[in-house]
Amino acid sequence: MKIRGTTILAVRHKGRVAVAGDGQVTLNNTVIKHKAKKVRRIYNDKIIVGFAGATADAMNLSERLEGKLERYNGNLTRSAVELARDWRTDKYLRRLEAIMIAVDENNMLLISGSGDVIEPDEDVMGIGSGGIAAQAAAMALIRHTDLDAKGIVEEAMMITGSLCVFTNEVVTIEEL
């Protein structure tokens, strides 16, 4: 059985960055948890990570990223590149099924097992089953409202939760 589905959304707006994740965990077509925390702070609360995929795999990657951050003095870009390189080349890590967003004061990065470290063109990034809906909603809210970053991720996640069956409206938000 494979755990699937989640939505993570990161938005940088008006000098702040907010990352949100829904709380739903599904096993095939059954909801088994409603209040999972898929967004957390690492590296002395200076970096926020959000992950989609198998929970144990995502936690493993989060811990490995934190180790890289310790090694490279909090340099998120360098740490992400080193993690992605290890993830792609290590036999054990290659089997991990997860994807993550990591943000700090200046950077927003998607890190994947295929070796990708991607910084978006816009200051919005969504991943997971509802990622594209959340990203679209956030981009519209940035253009057509006066909400701050936290308000945008809250509203975009509510919209996504009403559309995506793998996303619920129990949302964890972290902000820098």
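Things worth noting here:
- Mean separation of Cα pairs under 8 Å and 6 or more residues apart, divided by the residue count, gives segment 55-153 a relative contact order of 18 percent.
- Peptide packing for 149-156, 29-36, 60-67 was compared via the average number of neighbouring C-beta atoms within 10 Å per residue; ordered from the highest value, the list is 149-156, 60-67, 29-36.
- Computed helical MRE - 222 nm, the chain, DSSP H runs ≥ 4 contributing -39500 (n - 2.57), nearest 500: -11000 deg cm²/dmol
- Long hydrophobic helices in the chain, taken as whole DSSP H segments with a C-alpha length of 15 Å or more on their own axis and mean Kyte-Doolittle hydropathy at least 0.5: 131-144, 149-163.
- Environment charge of Leu147, counting only residues whose C-beta is closer than 15 Å and scoring Lys/Arg +1, Asp/Glu -1: -1
- Relative contact order (%) - criterion: Cα under 8 Å, at least six apart; region: segment 3-175: 33
- Among 6-17, 68-79, 160-171, the peptide with the highest mean count of other Cβ atoms within 10 Å heads the list, and the full ranking is 6-17, 160-171, 68-79.
- If the segment from Glu97 to Thr55 were pulled out straight at 0.36 nm per residue, it would be longer than the present Cα-Cα gap by 14.2 nm.
- Neighbour-count ranking [beta-carbon atoms within 10 angstrom, fewest first] of Met108, Met125: Met108, Met125
- Ranked Ile101, Ile118, criterion: other C-beta atoms within 10 Å, fewest first: Ile118, Ile101
- In percent, rounded to a whole number, the relative contact order of segment 95-146 is 22, using alpha-carbon pairs under 8 Å and six or more apart.
Taken together, the values in this text are just the output of simple stated rules run on the coordinates, not laboratory data. Only a predicted model underlies this, so the values are computations on that prediction, with no experimental measurement involved. Heads up, the Cβs are rebuilt from the backbone with ideal geometry, glycines too, and the neighbour counts pull from every protein chain shown.
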